[in-house]
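Some notes on the structure that comes next.
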Amino acid sequence: MAKSKLRQMKKQGDLQKRTQESFAKKDSSGKYGDYLKETTVPKWSAKDGDHIIDIIPFIVGENHPTLAPDTIAYNIDVFAHRNIGATEDMVICLARTIGKPCPICEYQNKLRKVTEDEDEIKKFSPTRRCLYNIVCLDSDKDEKMGIQLWEVSHYLSEANIMAIARDKRTGAWIPFADPDEGMSVAFTKSGKGISTKYAGYEFVERDYEISDEILDSAVTLDEILDFKEYDEIKEMLEELVPPIEEYTPPTSGEEDDGGDASPRTRRGRINEHENENENENEDDAPVTRRQRKPLQEKEVIETEPEMEEKHDGSDTTKRTRTAGAGERTRIRKPASDTNNSEDKKGEGETDKPVTRRRRMRK
């Protein structure tokens with residue numbers, strides 16, 4: 001009996017590969033893509049809490065921005081523009097990463113000549129990103145995942161690692177990514193969106209070497225970088241913004257139908273998706289400031305009353321404080337407490353002067 005066409009075409013591992021591809025894209029929304037080519041290696045994102053990872057080195061290929069092929073590296077450091085094109089993806093900045101012309105940077109330079117709106121200009125600035133091969137050691141399940149890709153802000157990752165990567169006594173660099181003598185990296189992640197924090201970075205000694213199996217499965221990170229051509233990036237940019245000649249700066253206080261001031265772009269307001277691996281539908285809660293009620297008070301200034309001496313024919317002289325016409329008292333009260341305060345006095349009742357007696361020495 002003849003085999004089915006599918007069984008004849010099926011190759012060993014085809015369906016397993018499709019399963020891996022599906023897993024790698026399970027959290028994708030079709031928007032906010034990164035600057036990487038398609039890969040079956042899963043991407044790791046840190047959830048709130050404590051983490052410990054091993055950073056796995058790799059052999060550099062032909063596409064590294066700064067290093068020669070066949071050298072050893074432990075990460076990729078690039079600059080990328082956010083929210084570009086119809087699906088608002090990240091695009092590697094050609095100018096800041098490899099020193100070639102970048103149409104987005106060119107547009108930003110032209111924008112500076114037609115508007116002084118720094119917030120609008122800043123949206124076209126690239127951000128610094130890092131990419132690592134890592135093995136997560138948070139649990140046995142995580143460790144069994146093997147190599148995963150960690151794509152993260154340079155500010156939240158490499159900058160913190162470099163802050164502890166030098167021995168403070170000797171000045172020597174700590175070889176934390178060395179497969180034989182290296183150390184694990186521990187940190188704590190908290191917050192979301194622009195409030196995301198990675199703190200408490202420290203190196204943790206390990207009593208094992210990175211296995212050959214793990215080293216051989218490390219991704220050649222530069223080979224999965226998606227360096228788009230100049231014209232392709234320009235076309236993506238034109239989906240987002242009008243030509244600079246048609247740019248209209250927003251006027252002060254101008255708002256759209258929803259009451260939200262918006263930059264003048266072809267598709268409206270540019271999405272500021274600045275969070276780390278967050279759901280794009282989650283918005284940061286607005287920061288509100290508690291209003292302080294103005295203190296209503298009645299203030300009267302105190303002056304020293306005049307002293308009046310009285311002689312009663314004895315050897316004692318009495319000096320009495322009298323309430324002169326110019327006497328004022330400093331009283332701080334809420335305005336509500338002063339209302340009808342005079343009505344509480346009985347009829348015919350008057351303020352009596354305070355008399356202080358002092359015994360005279362004979």
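Return the long-range amide H neighbours of residue 56 (sequence gap of 5 or more, or a different chain), with a cut-off of under 5 Å between placed amide H atoms.
Result for residue 56 returns 133, 134, 135.
Quick check on region 42-136: take the gyration tensor over C-alpha atoms, sort the square-rooted eigenvalues as a ≥ b ≥ c, and tell me if it's rounded (a/c under 1.5), prolate or oblate.
It comes out oblate by the Cα gyration axes.
Residues with beta-carbon under 13 Å from that of residue 61, excluding residue 61: net charge, scoring Lys, Arg +1 and Asp, Glu -1?
-3
Rounded to whole Hz and in sequence order, give me ³J(HN,Hα) for region 212-226 from the Karplus expression 6.51 cos²θ - 1.76 cosθ + 1.60, θ = phi - 60°, writing x for Gly and Pro.
Result, rounded to whole Hz: 4, 4, 5, 4, 6, 8, 5, 7, 6, 4, 5, 7, 9, 6, 9.
Output the pairs from 144/197; 43/168; 168/228 with a Cα-Cα distance over 31 Å in this structure; if there are none, say none.
Over 31 Å apart, Cα to Cα: 43/168; 168/228.
No value in this document is a laboratory result; all are computed from the given coordinates. Remember, predicted model here, so these are calculated numbers, not experimental data. So basically every Cβ, Gly included, is an ideal-geometry build from the backbone, and we count neighbours across all protein chains shown.
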